Amino acid sequence: MSPVPAPASSKSGKVYLTSFRYEGKPAPGSAIFEWAYDKRGPDEFSVWFYNVKTGKLTKARDNWPTRVFGTGKGKGEVNVDPLVGVVGTYKIHLASAGGTTQSKEIFGTSKSFYVVASDFET
């Protein structure tokens, strides 16, 4: 799935979600993504699952280092374990690190993907 191009400007620069795919098998399901950043991009960002139906944000990982690969881009993977069995339609948000869910600046949003019961480890 292609990401929704949604870079947001911040005081320190930008982070862009450049590719995304969801793999439900083998359990637990995983969201695999890539990002790019500009030279003034933030040092860290957080990754969130966004439930499309309820609007609830669930943290997948906070404080992900932006420049871990040192090439202007990076890649990562988070599994669905933080969703604790809640099936539904989700999106991944790359957002500013720290703060509360209400104070997050969203840098990039994936297209919707579906999490089903068999995507969780039993």
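No lab work stands behind these numbers, since they all come straight from the coordinates. Bear in mind the structure is a predicted one, so any value in this text is a computation, not a measurement. Note that we place each Cβ from the backbone using ideal geometry, even for glycine, and neighbour counts take in every protein chain shown.
Once the piece of chain linking Arg61 and Arg40 is laid out straight, how much longer is it, given 0.36 nm per residue of separation minus the C-alpha distance between them?
Full extension of this stretch gives 5.4 nm more.
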In Hz, Karplus ³J(HN,Hα) per residue of the stretch 38-45 (6.51, -1.76, 1.60; θ = phi - 60°; x = Gly, Pro): 8, 5, 9, x, x, 6, 9, 9
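Nearest 0.05, what FRET efficiency do Lys25 and Thr89 give at R0 = 22 Å with Cβ-Cβ as r?
That pair, Lys25 with Thr89, gives E of 0.75.
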Contact order relative to length of the stretch 53-122, as percent, for alpha carbon pairs under 8 angstrom and 6 or more apart: 31 percent
Using θ = phi - 60° and Karplus 6.51 cos²θ - 1.76 cosθ + 1.60, couplings along the stretch 28-33 (whole Hz; Gly, Pro as x): x, x, 9, 9, 10, 9
Per-selection Kirkwood Rh - the stretch 27-122 (Cα, Å, 1 d.p.): 13.8 Å
Order by protection proxy (mean Cβ within 10 Å, highest first), peptides 72-81, 88-97: 88-97, 72-81
